[in-house]
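The values are calculated or read from the model by the stated rules, or taken from the named source; none is laboratory data. Keep in mind it's a predicted model, so treat the numbers as computed, not measured. Neighbour counts are summed over all protein chains in view; Cβ atoms, including those assigned to glycine, are modelled from backbone coordinates with ideal geometry.
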Amino acid sequence: MSTIDEVKQKLDIVEVIGQYVKLTKAGRNFKAVCPFHNEKTASFYVFPERQSWHCFGACSTGGDVFTFVMKKEGLDFGEALRLLADKVGVSLPSKIEQGPRKDEKERLFQANEAAAQYYHNLLVNSPSGEKAKNYLLGRGLTVKTINDFELGVSPNAWEMLMTYLQEKGFSENELTDAGLILKNEEGKTHDRFHNRLMFPIRDARGRTTGFSGRVLDDSLPKYMNSPQTAIFDKSGTIYGIDMAASAIRTKDRVVIVEGYMDVIVAHQYGFNNVVASMGTAITEKHINILKKLTKNIALALDPDAAGEEAMLRCVEYENSLNTEVKVIMLPSHEDPDEVIKKDPKIWERAVEKAVPVIDYTMDKAVSRQDMSTASAKSQVANSLLAIIAKVGDDIRRDHYLTKLSKLAGISYNKLEGVLKTYMKPKPQRRGVEPLSTSLLTTASSPREEYCLAILLQYPELKKQDEGLLSDYFQNIVNREIYCAYLETDDAIALKEMLEPVIREKLDELLALPQPTNRIPDRYHDSVLRLKREFLQNQQLIREEIFSIVSQSEGKGADIERLKQEGLELNNQLHLVSIELGHEKRRTGNGRRNN
Ligand SMILES: [Zn+2]
């Protein structure tokens, strides 16, 4: 959860606004005389379920708790955030205390890229690279693949890379910060990697962030990675994402394997939607990167204990993906690269036949035990119920309960009773049910992010006026980024304008893989979609107010005005829908858009 979400969750909008204006109850909601314009009768409403407010009088605006405080106190977003965070005792990173500046990070990327070229050159062109090159050719890689992935070898020496990069103008500090050299106990610096096969690791934008080095003999550790740096975070790194992103999008599926060689061989055989996590664990960061490209995730991990635990972790991500994560079962536990090299068709079929993680786990668990004994039954049922409890969807949960009942020979009712002890109570906000999660203004919105990412990554779009209003962004972080974007043309200045808690989001958006063609059309299209969403939300709010006004003392004039607004909104929505319809026909129906 982001800091902003944390602050927001600890606040109750009714309580906060109640400190500024006198609220009176109106059904499930509250109303007041608007604090922002002069009026006699109340047209200012607060909706606790949505944690939002709206004035349908002269201001005709609304927002969430942050926008209210910003407007009332005359603060900018950062100041309002600080004020509210103080109130609920959440501490925020200070604006002065910043991470490395953008140009400093840029140097780290450059140092890693220069190192990648150095290692690659050594492998391809130097006699000392012979052994590593033969190893790769022996594992069936082509020279083209070696070049595509820029594979290399680190010299069997301690200072060669360091000297080379220092000659190129990188300082000792920069090379340390980039994770390329390190200090020994005597304080002497030397190359981090030596005599290893080098796999450069890149982010989604193709920038080299670090390395994984594999030994060429039997020494240990077999693999060594770059350390955590300002540009390398192992838990959020996906090997091959730069090469795979567009295929993942078009195939609408990603396959996660365990090894670098698996990724490289898969790509060599044209299976270019294959990536690897760094190490076995699949983290939420990985999922967040991948789900912008596809929701369909298939795992081809080693079926050992670590692999199975990683697969199980994914059950937790299913709720946010809104679909099942699948497991690819390979013949006799071979590694993906072996299977592909032997017969690509077998791999293709295995991917097609992937089974949901839970089914896989259930079948596995039952087949391992002698289910005729009471203790095995109890153990298997309990471990599987703990997993089934994580399934958010009622129908799927019921499906698996029924399946378990059959597999284990335990009555459905009994299992259902035990399942309840594993289910966490759903967190609720003061006993009210959220009306619609899409209206929670800090929830992530792929549609908004898609639009913002295009804008940020294609600066020339700034001239293309599509009438994009900041109000179209429901997510306050996205809105802040858009407002800052309007004020400056310089990426570094933009970042500095933003609160530290928002900068991370900006980086994410800048790294979000984008299509490369028909950008102006895609931007036009995405603004229309945001506009439609905005109008639909306005419509919802208007309907809610309409129902309150018409039930209460109901001033005829108010009702008339609300009806008028409704007609106006309908008109606008109609126009947007027509335009989107044309758009669809012009660009061909099937195109996926976030
Ligand atoms: Zn007002």
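Scanning region 149-208 for residues that are buried (at least 17 other Cβ atoms within 10 Å of the Cβ), of a type in the set (A, V, I, L, M) and in a strand (DSSP E or B) yields a count of 5.
Within region 305-412, considering only helices (runs of 4 or more DSSP H) that don't extend past its boundaries, which have at least 1 residues that are farther than 29 Å from Val257 by Cβ and modelled with pLDDT of 90 or more?
Numbers: elements: 305-321, 336-342, 344-352, 357-368, 374-388, 394-408.
Answer list for region 305-412: 374-388, 394-408.
In this structure, Val215 does not qualify as under 30 Å from Lys345 (Cβ atoms), among the β-branched types (Val, Ile, Thr) and either surrounded by fewer than 19 Cβ atoms within 10 Å (Cβ to Cβ) or at pLDDT 95 or above (or both).
Between Pro100, Pro93, Pro35, the distinction of being in contact with a helix residue (DSSP H, G or I) (Cβ under 9 Å, 6 or more places away or on another chain) and either of a type in the set (Gly, Ala, Ser) or at pLDDT 85 or above (or both) belongs to Pro35 only. Take the conditions more than 30 Å from Pro93 (Cβ to Cβ) and of a type outside the set (A, V, I, L, M, F, W, C) and apply them to Lys531. Does it pass? Criteria met by Lys531. Only one of the listed residues (Ala306, Ala300) is among the small types (Gly, Ala, Ser) and either crowded, with 22+ Cβ neighbours inside 10 Å or in contact with a Pro (Cβ under 7 Å, 6 or more places away or on another chain) (or both). That residue is Ala300.
When you go through Lys188, Lys222 one by one, which is the residue that is under 33 Å from the mean Cα position of the chain (by Cα), more than 30 Å from Lys291 (Cβ to Cβ) and not aliphatic (A, V, I, L, M)? Full working, then the answer.
Numbers: Lys188 fails: under 33 Å from the mean Cα position of the chain (by Cα).
None of the others qualify; the one that does is Lys222.
Name the residue, out of Leu540, Leu512, that is touching a helix residue (DSSP H, G or I) at 6+ places or on another chain (Cβ under 8 Å), in contact (Cβ under 8 Å) with a residue 40 or more places away in the chain and under 21 Å from Gly27 (Cα atoms). Explain how you work it out, then say what you get.
Working: Leu512 fails: under 21 Å from Gly27 (Cα atoms).
Checking each option against the conditions leaves just Leu540.
Can you report the number of residues in region 472-507 which are crowded, with 17+ Cβ neighbours inside 10 Å, of a type in the set (Asp, Glu) and at pLDDT below 85? Final tally of qualifying residues: 1.
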